[in-house]
Amino acid sequence: MNWKNNIKLVANFDRQWNDEWSSKPGGAKVGYTIQVRLPQRWVVTEGQALVQQAILNQTVPITLNHQFQVGMGWSSADNAMLVEEVQSRYTSKAGISLANKCDLVAGAEVYKSVYFVAGPLSAQPLSNIAVDGVITDAVAKLRNVGVPEDLYACVDPKTQSLLLKVAFNQFNPQGRVSSYWNKGKFAENALGVDEWYWDPNIPTHASGNFTTSTWLVDGALQTGSTLVVKGGGTYSLNVGDTFSIAGVNAVNPVSYIDTGDLQTFSIQAAIAGAGAATLTISPSIITSGSLQTVTASPANNATITFTQATGSVNATMAAQTSRQSLLFHPEAFAFVMAELPVPLAGANSARKSDKDAKLSMRWVEQYNIQTDQEPSKIECLVGVASILPYFALRIFF
């Protein structure tokens, strides 16, 4: 069953956690939420004396929190006189809608956790040098923080159009083009990215806004997941808005060297007001140890620059929407789907799956003798989580 509208976002998320909800010995149940352990990080020391480091069992929860369904039905009389080609005309189309819903919700739930950004592409001159530079710089930014090989890019169709206008030769390998377009893939091994896909379900970010502001850090030696700032005008900031701080660079999480790139932070709690603010941010500001994220704590009065603002001094930021194409390694995000049970007592039921989209859904039908109706539905139980957000980057259009 073809359930994809070029659903390449969730199809390229890490799917290994599905097995956690498979049948357990003795009928044991794990519940709706599991905890995924993050990789241990180490700091290398030198010398003969033992320097023992703590084992940090960091975890991220993944929850099956979306049960999507499409319901339908008709009378037995309608079934006899009117309804035909049920699978091709009704249930298959319902499955396509459900698959696209999974793709749409997954993108919307994970992108705000991603703090690395590139673009906006729409601000670049229509030349291959300018646009190619945004993409290759984005790849370099991920390489600098130790992201492994196998980078995937899922872009919205408008971004794809821009890329093809200015760099068609990069995306036109002879002998492969027709298969790419049929499957939503439009390139391999272009601009440092292993596979390129277009996906109409790419999330859209609605930014916050502020009047004339010169945002500054309010107080030295701040660390952790909040940051006290000052100098704002009247502001309303949204989850997913991003900014950088002068003098605060990202570090490679394996070697802990300075990447040379300013660390970008993503706001994780909406806030509104005027003047000062306490921002909830990701990543946390950690200046040392195995979980180090930045080169240094921001200095007092360090300048703050929001990605979509007009600048940093006497700057404004208008409310705006932008598509959030994603460049990522599959281990950045997890998409899970539990198989709902079949058969069901007193009902016809079956599972339907799409191997290419990596989705499985349940179909259920039951006759109601009281009303002569034959209601049915197709449904799925899914969840999504951001596991390693620094394995991903948002490309603004």
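The values are calculated or read from the model by the stated rules, or taken from the named source; none is laboratory data. This one's a predicted model, so the numbers in the text were calculated from it and none came from an experiment. Cβ sites come from the backbone with ideal geometry, for glycine too, and all protein chains shown count toward neighbours.
Observations
- Residue within segment 160-168 that is modelled with pLDDT of 90 or more, outside any loop (DSSP other than H, G, I, E, B) and either among the small types (Gly, Ala, Ser) or within 24 Å of the chain's Cα centre (by Cα) (or both) present: no
- Scanning segment 121-143 for residues that are surrounded by fewer than 17 Cβ atoms within 10 Å (Cβ to Cβ) and of a type outside the set (Ser, Thr, Tyr) returns ALA123, GLN124, PRO125, LEU126, ASN128, ILE129, ALA130, GLY133, ASP137, ALA140, ARG143.
- Verdict on GLY71 being part of a helix (DSSP H, G or I) and either surrounded by 13 or more Cβ atoms within 10 Å (Cβ to Cβ) or of a type outside the set (D, E, K, R) (or both): no
- Cβ-Cβ under 9 Å pairs, at least 6 apart or on other chains, segment 95-118 side more than 30 Å from SER225 (Cβ to Cβ), far side surrounded by fewer than 24 Cβ atoms within 10 Å (Cβ to Cβ) and among the acidic types (Asp, Glu): GLY95/ASP354; LEU98/GLU379; ALA99/ASP354
- Considered as a group, the residues in segment 362-391 that are polar (S, T, N, Q) and under 39 Å from the mean Cα position of the chain (by Cα) include one that is surrounded by the fewest Cβ atoms within 10 Å (Cβ to Cβ), and that residue is GLN366.
- Residue within segment 351-364 that is more than 29 Å from ARG15 (Cβ to Cβ) and among the aliphatic types (A, V, I, L, M) present: no
- Screening segment 322-397 for strands (runs of 3 or more DSSP E) wholly inside it with 3 or more residues that are in contact with a Phe, Trp or Tyr (Cβ under 9 Å, 6 or more places away or on another chain) and within 30 Å of HIS205 (Cα to Cα) returns the ranges 333-338, 376-386, 392-396.
- Criterion: of a type in the set (D, E, K, R) and crowded, with 20+ Cβ neighbours inside 10 Å - qualifying residue of ASP261, ASP241: ASP241
- Filter result (in contact (Cβ under 8 Å) with a residue 40 or more places away in the chain, within 22 Å of ALA118 (Cα to Cα) and β-branched (Val, Ile, Thr)) within segment 283-311: ILE285, THR293, VAL294, THR295, THR303, ILE304, THR305, THR307
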